[in-house]
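Below: the structure, in structure tokens.
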Amino acid sequence: MSDYHLFRWANDLAARHDGFEDPLRAYVQASEVLFALGVVALFVFATPRTRRAAVAAVLSAGLALLVAHFVAAAVDRARPFVDHPHTHLFLAHTGDPGFPSDHATGAFAIAFALVLRDRICGIVALALALILSFGRVALGVHYPSDVFAGALLGLAAAVVLWIPPLRERVDRLGDALGRLPITRSALRRSS
């Protein structure tokens, strides 16, 4: 099945099932805040291991999004609602390039960085990233290949920061940030 046909199937599914589309749209719109709050919670209220995971997640997302910016400019692929005016567009969005999906790139970078350091948190984040990615397609703002490319970029960034010399630096940064007074006071309040 082609990229367009997969997009069309997901977009038509959302158009036909309002009870499915409404919660999906709400989640997609809140996803950036939810991922950010999750990473902050892992950093502030958890163990040194999860604090390191949170720092790795933020750095992985930053690296992946930086690369995605240049890829988007080079590829300059139109979004489905620009290419196909009959698309059901459920989110207000600009017609900027859609390949790769920034949302998928950031979400998967966070999720894969977490998987490498804390399997349970990472699997939860991967599930949320998959739902987000499907939602971006179903709601009319991305083709499946846009979110797939974002997932690959996110994975690549997390793996790069897992290379031992970089991993050691990320872990030291997480440990140093964990010694900040604001972090220690938050930890005392939670115990």
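The values are calculated or read from the model by the stated rules, or taken from the named source; none is laboratory data. The shown structure was predicted, so the numbers you read here are calculated from the model rather than taken from an experiment. As a convention, Cβ positions derive from the backbone with ideal geometry for all residues, glycine included, and neighbour counts pool all protein chains shown.
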In the list Leu91, Leu66, which residue meets the criterion of being touching a helix residue (DSSP H, G or I) at 6+ places or on another chain (Cβ under 7 Å) and either at pLDDT 90 or above or closer than 18 Å to Leu132 by Cβ (or both)? Leu91
Tell me which of these Ala73 doesn't satisfy, since it passes every other one: (1) closer than 13 Å to Ala149 by Cα; (2) without any contact (Cβ under 8 Å) to a residue 40 or more places away in the chain. (1)
So, in segment 127-148, exactly how many residues are surrounded by fewer than 24 Cβ atoms within 10 Å (Cβ to Cβ) and over 22 Å from Gly38 (Cβ atoms)? 4
Within segment 59-97, of all residues that are over 17 Å from the mean Cα position of the chain (by Cα) and polar (S, T, N, Q), the one farthest from Phe7 (Cα to Cα) is Thr94
Looking only at segment 1-30, and only at residues there that are polar (S, T, N, Q) and within 19 Å of Leu132 (Cα to Cα), the one that is surrounded by the most Cβ atoms within 10 Å (Cβ to Cβ): Asn11
Would you please list the contacts, defined by Cβ atoms under 8 Å and residues six or more apart or on different chains, that run from a residue in segment 133-146 that is within 14 Å of Pro97 (Cβ to Cβ) to a residue that is aromatic (Phe, Trp, Tyr) and outside any helix (DSSP H, G or I)? Tyr143/Phe99; Ser145/Phe99; Asp146/Phe99
Taking Ser60 as the residue in question, decide whether it is touching a His at 6+ places or on another chain (Cβ under 9 Å) and of a type outside the set (Lys, Arg). no
Looking at segment 31-64, which of the residues that are polar (S, T, N, Q) and within 26 Å of Phe99 (Cα to Cα) is surrounded by the most Cβ atoms within 10 Å (Cβ to Cβ)? Ser60
Among helices (runs of 4 or more DSSP H) entirely inside segment 8-96, those with 1 or more residues being small (Gly, Ala, Ser) are 18-44, 48-75
